[in-house]
Amino acid sequence: MAKEELIEMHGSVTEVLPDGRYRVTLDNGHNLIAYSGGKMRKHHIRIIAGDNVSLEMSQIGRASCRERV
C-alpha cells in the first residue's frame, strides 16, 4: 500500500494547547489544531504563540495536522 500524499500548508500559531497541541491559523484564514512532529518532540523544540509554522495535512482528515521542522 502506497503512502498517501500530504498537503503542505503554512500558518501561524495563535494558541498553545495542552499535550503538545496548537491552534493554528493558516495563511488562507482557516483555523485548525496541529500537533508537533516526532523530531520536534524528540529534541524538545518549543512552539509559542506567534510562531510561523509549516504543516503537513493528509487529504482525508483535514481537522488536524502535523507540524514540520
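Scalar couplings 3J(HN,Hα) for segment 37-42, obtained by applying the Karplus form with A = 6.51, B = -1.76, C = 1.60 to θ = phi - 60°, are x, x, 5, 5, 5, 4 Hz; x denotes Gly and Pro. Between HIS44 and GLU8, the modelled labels are 2.9 nm apart [label points 7 Å from Cα along Cα→Cβ].
Laboratory data are not the source of any read-out in this text; all were calculated from the coordinates shown. Nothing here was measured: the structure is a model prediction, and the numbers come from that model. Don't worry about glycine lacking a Cβ; one is built from the backbone with ideal geometry, like all the others, and counts go over all protein chains shown.
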